[in-house]
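The block underneath contains the structure these notes are about, expressed in C-alpha cells.
The values are calculated or read from the model by the stated rules, or taken from the named source; none is laboratory data. Remember, it's a predicted structure, so these values are computed and weren't measured experimentally. Neighbour counts run over all protein chains shown; Cβ positions are idealised from the backbone, glycine included. Accessible surface areas use protein heavy atoms only, side chains included; no ligands, DNA or RNA. Shrake-Rupley method; radii C 1.70, N 1.55, O 1.52, S 1.80 Å.
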Amino acid sequence: MPIATVNPATGETLEEFTAQSPDEVDRRIAGAAEAFRALRRTTFETRAEWMRATADILEHETDRIAATMTIEMGKTIGAAKAEATKCVRGMRYYADNAERLLADEPYAHPDKVGASSAYVTYQPLGPILAVMPWNFPLWQVVRFAAPALMVGNTGLLKHASNVPRTALYLDTLFTRGGFPEGSFATLLIGSSDVEQVLTDPRIRAATLTGSEPAGRSVAEIAGRHIKKTVLELGGSDPFVVMPSADLDKAAKVATTARCQNNGQSCIAAKRFIVHEDCYDEFAERFVAAMTALKVGDPMDEETDVGPLATESGRDDVEQLVADAVGKGAKVLCGGDTPDRPGWWYPPTVLADITPSMRMYAEEVFGPVAQLYRVGSLAEAVELANVTTFGLGANAWTRDGDEQAAFVRDLEAGMVTINGMVTSYPELPFGGVKNSGYGRELGAPGPKEFCNAKTVWIS
Ligand SMILES: O=CCCCC(=O)O
C-alpha cells in the first residue's frame, strides 16, 4: 500500500509520500536509543511538565489536526475533534497520575525473606515500537505514547500508510512539548519494513493495534527475539438486550455503538443479541434510529456517518453483506452501496443470521449490525461467546442477578452494563482470546513496558 493521503469521501489522492530511507530509519532508532538514556534519568515532575505542555499544544491545535484526520480517513469532524480532546485528557491524566501509578511497592514483611527492606520498583525498558492503525489515528497513538513517555520509555511509531499527515504531526508533537529530541518519532515506512525495525536490538518491545494477521506477525517476530508485545486486535462485540432493559435508551446507544467512527472501531458493538420478549420492540426502534442517521460529508458538523476509510475496507463490508444476504439474511435497512465517488456504505441492519454466513464469525468493519433473537440469558451468553474474539461486551438489563451473570460469563476484556464499551484513560483497555493480550491505559497500561525490578536489601 503506498504511503498517501487519499480523501475517502471522494477517492481523490491528495498527496503521496516517499518512505524514509534505511539510513534515516537507522538514524531515528539511534535517536530513540539516545533519548532513552536521557529520559530514564529525568523525574516524573519534569516529564509531567513536558506532557502538560504537549497537551496544551494539542488542545490549541484541535481543529487543525481534526480536519487532517477527517480528510485522511473520513471520520466525521465532530468525532475527530472529540478524539483530539480525548488525547488531551489522556495526556493530562498520565501527567497527573503516572508517579502514583508507578510508585515502588514495598513488601510488608521483609524479615520473612531475610531482608531489612524489599520492594518492587518499575523502570522503563527502552525504545518501544508502536504499530498503529488508521481508525483512531491520534488516540490510539496517544493511548500508548502518553503512559510510555511518562514511564521514561521512548517511542517509534509505524503508522498506517493512509494517515501520513497525522503520523507526521505526531512526529514532532512531543518534542514541541519539551521532550528531548528522539523521545518520540515517526517511521514513515511500509509494513514490509517493520520486521527489520522490530528485530533491531535497540528496540526493546512492541505494541500493536490492528488486525489479527498483523498481530500474529508482529508477535511471532518479537517472540523469536524475546521481546514483549501488547496486542489490541479485532473484535465482534456482542450487545445483549434483556426484557428489563430501558429499550429506548438501549436502541439509541446501540446505534451509536455500531456506527461510531463510521462503524470502524474494534470496540463497536457488532452483534445485537436480543431476548425474544423484547426483540420486536427493540428491532423497530433500532432500525428507525439507524435509518435516521445522516450520512454525508464528514466535514459537515451535522453528519453522523461519513465514508469508510479505504476502498478495500468498503469492498470487504460489501462482500460480507452480499455473502449473508445470499445465504438468506434479511435486510431491515441499508444494504446497498451508493453509486458515488468515494468509499461509502450506509447504516445497515441484517436479521436471520446463521452460522454459515461469514459475518457470524468474522468482524464487520463498517456500519452493519447483525440482529439475533434468543430465548434465554444462557442462550445469549453462548451466542455472545461464539466468536474467536473477546474484546468488549455490552449487556442491557436492570436485573442485578442477570448483570452479575453477564459480568461472570461474557468472554471479554471489558464488560459494560447498560452502556456501550468505551475507553477511558483511567480504566484498563484490552481483550482476551484472539482480540489480543496485555492492557493499555488505567494502572496496568504503563506497567506493560516496565521492568518490575525486585529489590532486596540486607
Ligand atoms: O479499534 C479500536 C478502537 C479503540 C477506540 C478507543 O480506544 O476508544
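Results, tabulated for the structure shown:
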| item | result |
| --- | --- |
| Selection within segment 305-360 - among the small types (Gly, Ala, Ser), in a loop (DSSP other than H, G, I, E, B) and farther than 18 Å from residue 234 by Cα | 306, 328, 329, 334, 335, 342, 356 |
| Count - residues of segment 18-58 that are in contact with a Phe, Trp or Tyr (Cβ under 6 Å, 6 or more places away or on another chain) and of a type in the set (A, V, I, L, M, F, W, C) | 1 |
| Test result for residue 178, crowded, with 24+ Cβ neighbours inside 10 Å and either out of contact with any Cys (no Cβ under 7 Å at 6 or more places or on another chain) or outside the structural domain of residue 81 (by the TED database) (or both) | no |
| Options 229, 310, 303, 256; residue that is out of contact with any Phe, Trp or Tyr (no Cβ under 7 Å at 6 or more places or on another chain), open to solvent by less than 70 Å² (accessible area, probe 1.4 Å) and either closer than 30 Å to residue 201 by Cβ or within 16 Å of the ligand (Cβ to nearest atom) (or both) | 229 |
| Filtered residues of segment 391-409 (kept if buried (at least 17 other Cβ atoms within 10 Å of the Cβ) and touching a residue at least 60 places away in the same chain (Cβ under 8 Å)) | 391, 392, 393, 394, 395, 396, 397, 402, 406 |
| Where residue 149 falls short, out of the listed (1) touching a residue at least 12 places away in the same chain (Cβ under 8 Å); (2) open to solvent by 10 Å² or more (accessible area, probe 1.4 Å) | (2) |
| Number of the exception - residue 134 against (1) away from the ligand (no atom under 16 Å from the Cβ); (2) open to solvent by 40 Å² or more (accessible area, probe 1.4 Å); (3) not in a strand (DSSP E or B) | (1) |
| Of residues in segment 259-279 being closer than 21 Å to residue 307 by Cα and assigned to a helix (DSSP H, G or I), the one farthest from the ligand (Cβ to nearest atom) | 259 |
